[in-house]
Amino acid sequence: MLACANCHTQIHEACRFCPMCGQPTSSAAQSYAMPRSQAPAYSLADNRGALHQRGFGQVFGLDPRVAFLTVVVDAMLFGGDVATMGAGVLLSVPVGVVLGVITYKAQRRWYGDDRESAFIKGLVVGLLTAIPTSLPGLLTVPSGIIGLAHMLRRKKPDNSLVIDRTL
């Protein structure tokens, strides 16, 4: 067993990514450094084991701030749809694109997603926002809850010693 350098979770030596935080392990660094002749038969970009390697929360989670922003933007866009008789629908596509970009950047920076995962999550959030319904609220809130649980599990208290220098 190894300990993750990022979150100190106990992980198996064969794991390339920490199941708790999704960071590459030392065995991942070794597999990238292998000569081509010794490289495994499968591609390192193969994501068949991504759920097991990165954990449920990392794969399906959405940063809670992004989920909240999506619900608020969707409520603003389509809350007054009846009063405007559908004129707000013209705004939904550009707002969906902007929200998709914000989601991509937030997932990369705050949640720690890789580029591909953050891009897919940004596309999904942008598409759901552009559709003139309340779908984002129904679909992003559960992902935000999963993301919040994942973030809370990832943050462990620091048990380091405090050195008193008041001698």
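Every number here is computed from the coordinates shown, using simple stated rules; none is lab data. Being a predicted model, the structure only gives us computed values, none of them experimental. Counting neighbours? That spans all protein chains shown, and the Cβs are built from the backbone with ideal geometry, glycine included.
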Worksheet, complete the sentence: Length gained, residue 85-residue 153, 0.36 nm per residue minus C-alpha separation, equals 20.0 nm
Worksheet item: Using modelled amide H (1.01 Å from N, peptide plane; none on Pro or chain starts), what sits under 5 Å from the amide H of residue 11, excluding residues fewer than 5 places away?
Response: 2, 3, 4
Discussion item. Just to be sure I understand the model, the point goes 7 Å from the Cα along the line to the Cβ. What's the resulting residue 14 to residue 123 distance in nm?
Written reply: 3.2 nm
Discussion item. Suppose the chain between residue 93 and residue 3 were pulled fully straight at 0.36 nm per residue; how much longer would it get relative to their current alpha carbon spacing?
Written reply: 27.9 nm
